[in-house]
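Structure first, then comments.
Where a number appears in this text, it was derived from the coordinates with a stated rule and is not lab data. Nothing here was measured: the structure is a model prediction, and the numbers come from that model. All Cβ positions, even for glycine, are placed from backbone atoms using ideal geometry, and neighbour counts span all protein chains on display.
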Amino acid sequence: MTNAGIPSWRNSGQGTMVRCALWLVTEVGVGEVFTKTQLREAFPETSQIDRRMRDLRVHGWNIATNREDPTLSPHEHRFVEMGAEVWKPGQARAKSATAAITGTQRREILEKDDHLCRVCGIAAGEAYDGGIETAQLDIARREVLKPGGKSVEMVTECRRCRVGGRGRQTDVTDVLSRLAKMSGVERELFAQWVSADRRDFSAMERLWGEYRSLPAESRETIRAAVDRP
Ligand SMILES: [Zn+2]
């Protein structure tokens, strides 16, 4: 194919996913093999370039790993097929909004989301507060703002949340920047919740309960201990 009219992948004014698409088209070429190292070396400033590349799949891009193509080594990819011309205004969104979700994708998303609505936390078949109506889970498309640019990700939502939240957007960049502002202790606690996928206040709450039940003199002892780092 001719590369006439295709913007340079080096232009940093574009999102990382778009630059990755342009890099594949102009530097790799359809049908060709490239290594993970080549990809990382082309985008040394992006720590999760593999993910940005995978984001292209939503837009119809086919990039094989050794799972789909056994002739590849685990460090190689093949650029099988180009999808939507995501560098053209409106293309990235237009394609993703119409792409159908397969049954397999649906099962995978539900499983990853623990079969819970990620907005209100209700499980399939559970009744809404005080109501007779039970929840039905659906897959929704969420527009996500990320450091690498905008993308669309699938998320489990109950029908009620989905109807109420059409066009909902998630700002991952903002979540990351708030995380960066946390103190070391806060971040460590947060990391524990993330790894357990559960918020556990109990140790601190038990300690708080015990502190509150202490006589004044003992409360003063605790207060002094807390003040002194
Ligand atoms: Zn919900």
For region 10-91, diffusion coefficient by Stokes-Einstein and Kirkwood Rh (Cα), 37 °C, 0.692 mPa s, µm²/s: 257 µm²/s
Shape of region 33-74, Cα gyration tensor, a/c cut at 1.5: oblate
Residue-span extension gain [E205 to R51] - 0.36 nm each, minus C-alpha spacing: 51.6 nm
Relative contact order computed over the chain (Cα-Cα under 8 Å; 6+ residues apart), in percent: 13 percent
Computed FRET value (nearest 0.05) for S8 with E68, which takes r as the C-beta separation and R₀ as 30 Å: 0.55
Helix 216-227 vs. the chain, principal-axis angle (Cα, 0 to 90°, nearest 10): 30 degrees
A225 paired with A196, simple spin-label distance in nm, labels 7 Å along Cα-to-beta-carbon: 2.1 nm
Low-density loop cleavage sites - GluC sites (Glu not before Pro) in region 10-43, where at most 15 other Cβ are within 10 Å (DSSP): E32
Given 14 as the ceiling on other Cβ atoms within 10 Å, longest exposed-site-free region of the chain for trypsin sites (Lys or Arg not before Pro) in DSSP loops: 68-165
Helix 172-181 vs. the chain, principal-axis angle (Cα, 0 to 90°, nearest 10): 40 degrees
Full-extension gain in nm, E153 to A123, via 0.36 nm per residue minus C-alpha separation: 8.8 nm
Euclidean distance of C-alpha centroids, region 21-40 and region 106-131, integer Å: 39 Å
Gyration tensor verdict on the chain (Cα atoms; rounded if a/c is under 1.5, prolate if a/b is larger than b/c, oblate otherwise): prolate
Local electrostatic count at K181 - Lys and Arg +1, Asp and Glu -1, tallied over other residues with Cβ under 13 Å: 0
